[in-house]
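These notes concern the structure reproduced below.
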Amino acid sequence: MREALRLAARARGHTAPNPMVGAVIVRGGRRIAAGLHTRAGAPHAEIRAIERARGETRGATLYVVLEPCGHWGRTPPCVEAVLAAGFRRVVVGMRDPDRRTAGRSLARLKRQGVEVTVGVEEEACRELNRGFLSRVVRARPYTHLKLASTLDGRIATRTGESRWITGEAARAYVHRLRRGVDALVVGSATVLADDPALTARTGGRVVHRPARVVVDSRLRTPVDARLVRSSRSGEVVLLAAPDAPMARRRRLERAGARVVTVASRGGHLDLRAAWRSLARLGTNELLVEGGGELAAALLRAQLIDELHLLLAPRLIGGDGRPVLGSLGVERLQRAVDLSDLEVRRVGRDLLLRAKW
């Protein structure tokens, strides 16, 4: 199962809305074949492994990260191929939470006389597919928040100079985070101030183009923004209020962006509704990178699952720009408490990583 998990993880950031799945076939103590699911629409891991086994599956054991699907999607139900292959035993890391399968495949295998074992390395399987589980069970993507600041919590000087607060190793860490998610999220203020490309790079080379999402209630994103100009090489989604200017919407859609209307309250988007919309678009896991007001709003809405706070050994002072907007905390009891905290060096900077 650990090999199946390692295989599955190779496709991190590329399988949404599907989960990451690896499969290994063993017969007589010998590994015969293995496979992984590489992207939505491609053959599932079990199918790839069965094809590579070249007819040696009868009486063998199949190890697979997730219960074989029992429903039609872009591909046929995997459980049918698993049954046809004649496995004696199927070992499953975790049951599929998708209600279209949700234990039905396991029951079908048992009825056909296949020995089924469920829950092997289950915690690791659930952690690997935390995004898929979040989307299916909670109807929202698993959400990372990245913040980078000086030790005194500043992201720019009073004049707005901000590049670069953290060092090269910290920036490389962020690009590794980007490689593992389906979407990157920023606010419209970040687009206007920095005009980011929002791609994952290694050594200056683009290695992954997640969907780019802008929380932009008034559709202030310029048509000539870098992420809009590159919309053909990676989906661009703008989350807008119902009363956003129609003329701007038409121009952005003609340029290749997708505009998704989200309910608003008090002049601000309903972020819970926005995250439900992203889940409906098939987003399993995303990374929020800016800015401070958006980060604070997501924390207030309890939509953050994991924090990555990079601290540079610098001090700017009280006239610098803060890393985080107001959380409305009046009493310490109401402060956001972090748990499961990890602290380590990343180059010259400190990384604080926490989960809720």
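Some values worked out for this structure:
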| item | result |
| --- | --- |
| Filter pass, Thr143 being part of a loop (DSSP other than H, G, I, E, B) and among the β-branched types (Val, Ile, Thr) | no |
| Identity of the residue in the range 210-243, acidic (Asp, Glu) and more than 23 Å from the chain's Cα centre (by Cα), that ends up farthest from Arg272 (Cα to Cα) | Asp224 |
| Asp305 being closer than 28 Å to Ala16 by Cβ and either among the small types (Gly, Ala, Ser) or surrounded by 18 or more Cβ atoms within 10 Å (Cβ to Cβ) (or both) | yes |
| Residue in the range 76-87 that is in contact (Cβ under 8 Å) with a residue 24 or more places away in the chain, farther than 15 Å from Val21 by Cβ, out of contact with any helix residue (DSSP H, G or I) (no Cβ under 9 Å at 6 or more places or on another chain) and open to solvent by 20 Å² or more (accessible area, probe 1.4 Å) present | no |
| Residue match in the range 206-217 (condition: open to solvent by 20 Å² or more (accessible area, probe 1.4 Å), under 30 Å from Glu3 (Cβ atoms) and of a type in the set (Lys, Arg)) | yes |
| Sole exception among (1) in contact with a strand residue (DSSP E or B) (Cβ under 7 Å, 6 or more places away or on another chain); (2) in contact (Cβ under 8 Å) with a residue 24 or more places away in the chain for Trp275, by number | (1) |
| Search result, residues across the range 48-75 that are open to solvent by 10 Å² or more (accessible area, probe 1.4 Å) and of a type in the set (Gly, Ala, Ser) | Gly55, Gly59, Gly70, Gly73 |
| Residue that is at pLDDT below 95, part of a loop (DSSP other than H, G, I, E, B) and within 24 Å of Ala81 (Cβ to Cβ), where the choices are Thr159, Thr101 | Thr101 |
| Residues of the range 337-356 classified as open to solvent by 60 Å² or more (accessible area, probe 1.4 Å) and farther than 10 Å from Leu309 by Cα, total | 9 |
| Any hit, the range 116-128, residues being part of a strand (DSSP E or B), among the polar types (S, T, N, Q), in contact (Cβ under 8 Å) with a residue 24 or more places away in the chain and surrounded by fewer than 18 Cβ atoms within 10 Å (Cβ to Cβ) | yes |
| Complete set of residues in the range 153-162 that are over 19 Å from His308 (Cβ atoms) and not small (Gly, Ala, Ser) | Thr157, Arg158, Thr159, Glu161 |
| Out of Gly13, Gly41, sole residue that is in contact with a strand residue (DSSP E or B) (Cβ under 7 Å, 6 or more places away or on another chain), of a type in the set (Gly, Ala, Ser), closer than 26 Å to Ala200 by Cβ and modelled with pLDDT under 95 | Gly13 |
| Among the candidates Ala189, Ala193, Ala197, residue that is surrounded by fewer than 21 Cβ atoms within 10 Å (Cβ to Cβ) and part of a loop (DSSP other than H, G, I, E, B) | Ala197 |
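The values are calculated or read from the model by the stated rules, or taken from the named source; none is laboratory data. Remember, it's a predicted structure, so these values are computed and weren't measured experimentally. Please note: Cβ atoms are built from the backbone with ideal geometry, for glycine as well, and neighbour counts cover all protein chains shown. Keep in mind that these areas ignore ligands, DNA and RNA; they rest on the heavy atoms of the full protein, side chains included. Shrake-Rupley method; radii C 1.70, N 1.55, O 1.52, S 1.80 Å.
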